[in-house]
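First the structure, in the form of structure tokens, and then the observations on it.
The values are calculated or read from the model by the stated rules, or taken from the named source; none is laboratory data. Bear in mind the structure is a predicted one, so any value in this text is a computation, not a measurement. Here Cβ is always computed from backbone atoms with ideal geometry, including for glycine, and neighbour counts include all displayed protein chains. Accessible surface areas use protein heavy atoms only, side chains included; no ligands, DNA or RNA. Shrake-Rupley method; radii C 1.70, N 1.55, O 1.52, S 1.80 Å.
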Amino acid sequence: MTELSFLTAPGMSAGFIAETRPRAHGAGIDPYEYDRVTAPIGSLLQWPDACRAAALDHRARAERAAERGRVRTAGQHHRLAARWFHLAALLPDPDRERAAAVAAEADRSMGAALALLEPRARRIAGEGYAGWLRLPQPADAAGERFPLVVLVPGMDSSKEEFHGPADALLARGVAVLAVDGPGQGVLADGPALGPDHRHAIGRALDHALAVAAELPAMPSVDPGVCAGAVGAVVPAGGVIDPGRIAVLGLSLGGYLAAAVAAHDPRVRAAALVSGPYRLDWDGVVPFVTATLARRCGDASAARAFVEQLDLAALAPRLRGLPVLLVEGGADRIPGVTNADALTADLPDVELLHVPYGNHLLGNALPDWLPDLADWLAETLTTKTLAAETPATETLVAAAG
């Protein structure tokens with residue numbers, strides 16, 4: 001059984017609340033609301049219920065707004081509910097049923113938000129994965145095919161957390177597939193996080209491309225012409241260009257995304273934010289070991305996963321691939337070697353270093369998020385990447 005006594009250690013709740021504040025801000029939570037919600041918490045055992053109460057409050061507001069026909073307001077409150085439900089699931093909660101329930105509620109609220117705000121979004125799910133496929137707003141030209149970024153969350157994150165990067169990419173004409181893999185998000189109580197994660201992401205990508213092949217494009221419309229008079233166009237192969245795919249990994253997702261990029265030839269670029277280069281099981285804090293033990297199935301499986309986690313082993317497979325590393329100079333988690341060490345193995349890697357940025361750089365969003373989104377959008381629109389689209393049979397084989 002995982003040791004969780006640290007949850008009630010003196011000062012633990014105050015420290016966790018302070019450390020999580022920038023992360024919550026990065027996920028789209030108003031910092032003042034965060035302070036109001038977390039102020040009464042005296043023990044981390046109270047954290048899940050406090051966050052869940054905030055989520056339920058936003059859900060109630062969404063339902064009231066929907067009753068009044070205020071679609072955008074309803075959708076925004078559902079998004080906030082999803083974020084708060086996700087925060088409720090951050091701890092290695094001793095109440096496993098509660099942990100599974102809040103993850104499911106985050107998924108449900110995100111679905112409600114997208115149904116109102118982005119009706120072309122689709123939920124995909126299959127063996128070891130569940131994800132949200134989101135498309136940019138109406139294209140500038142009829143029949144446009146979008147590049148795609150696969151967003152890979154980390155140890156205790158999920159497809160409901162990283163709205164900021166997803167929204168920034170969508171605003172730049174890039175589609176986003178945010179995926180929970182084994183042991184993550186809505187699957188945290190199901191298949192275990194481990195080395196097979198990249199295969200699940202490959203299956204998710206297969207599924208997303210199949211769904212995208214059936215989605216109608218949004219043609220450009222002259223403002224003086226009734227939209228209903230313009231027929232939707234399905235470009236050959238669907239609305240996603242399978243020759244322009246990248247991965248974006250955050251925290252432990254940085255390593256997981258690098259593993260996908262190293263083995264799946266469909267991936268043409270990778271961006272890693274606050275990703276680990278290596279982990280030292282004996283050096284990391286109890287919060288990390290407990291969370292990994294929960295997500296990997298048990299402590300022995302977690303230790304085995306950590307011991308094989310080494311970006312140096314992936315480096316030969318990443319050579320020649322455009323790679324961007326985003327690192328915060330104040331990101332110092334015990335037992336974790338930050339991924340900027342990868343620059344020694346891959347001298348052509350681009351490094352965006354924010355000296356005062358913390359883990360996930362939630363305290364420095366303007367200093368990296370626009371540049372990250374620009375880098376991905378520009379990298380995926382180069383002629384080199386767009387020149388040739390892999391054949392369908394190659395795409396299917398690549399996920400194996």
*Looking at this structure, is Arg295 among the charged types (D, E, K, R), modelled with pLDDT under 95 and in contact with a Leu (Cβ under 6 Å, 6 or more places away or on another chain)?*
yes
*Selected residue [of a type in the set (Val, Ile, Thr), touching a residue at least 12 places away in the same chain (Cβ under 8 Å) and over 22 Å from Asp189 (Cβ atoms)] from Val306, Val288, Val323*: Val323
*asked:* Step by step: first the residues of the stretch 350-400, then only those that are of a type in the set (S, T, N, Q) and part of a helix (DSSP H, G or I), then the one that is modelled with the highest pLDDT. Which residue is that?
replied: Thr379
_Where Arg317 falls short, out of the listed (1) free of Cβ contacts under 8 Å to residues at least 60 places away in the same chain; (2) in contact with a helix residue (DSSP H, G or I) (Cβ under 7 Å, 6 or more places away or on another chain); (3) closer than 25 Å to His163 by Cβ; (4) open to solvent by 50 Å² or more (accessible area, probe 1.4 Å)_ = (3)
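Results for (1) over 21 Å from Asp298 (Cβ atoms); (2) in contact (Cβ under 8 Å) with a residue 60 or more places away in the chain; (3) assigned to a loop (DSSP other than H, G, I, E, B), shown as yes or no for each residue.
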| residue | (1), (2), (3) |
| --- | --- |
| Val149 | yes, yes, no |
| Gly164 | yes, yes, no |
| Leu170 | yes, no, no |
| Asp189 | no, yes, yes |
| Ala200 | no, yes, no |
| Arg203 | yes, yes, no |
| Ala208 | yes, yes, no |
| Val211 | yes, yes, no |
| Leu215 | yes, yes, yes |
*Which numbered condition trips up Pro10, out of (1) open to solvent by 70 Å² or more (accessible area, probe 1.4 Å); (2) part of a helix (DSSP H, G or I)?*
(2)
*Which one is most open to solvent (accessible area, probe 1.4 Å), of the residues in the stretch 271-298 that are more than 21 Å from Ser158 (Cβ to Cβ) and touching a helix residue (DSSP H, G or I) at 6+ places or on another chain (Cβ under 6 Å)?*
Pro286
*If you check every pair at least six apart or on different chains, which have Cβ atoms under 6 Å apart with a residue in the stretch 2-26 that is polar (S, T, N, Q) first and a residue that is in a helix (DSSP H, G or I) second?*
Thr2/Ala290; Thr2/Ala293; Ser13/Leu44
*Complete set of residues in the stretch 289-317 that are touching a strand residue (DSSP E or B) at 6+ places or on another chain (Cβ under 8 Å) and not in a loop (DSSP other than H, G, I, E, B)*: Val306, Asp310, Leu311, Ala312
*Do you know which of the residues in the stretch 126-140 that are open to solvent by 50 Å² or more (accessible area, probe 1.4 Å) and either touching a Gly at 6+ places or on another chain (Cβ under 9 Å) or closer than 17 Å to Ala171 by Cβ (or both) is modelled with the highest pLDDT?*
Gln137
*Inside the stretch 187-216, can you point out the residues that are β-branched (Val, Ile, Thr) and surrounded by 23 or more Cβ atoms within 10 Å (Cβ to Cβ)?*
Ile201
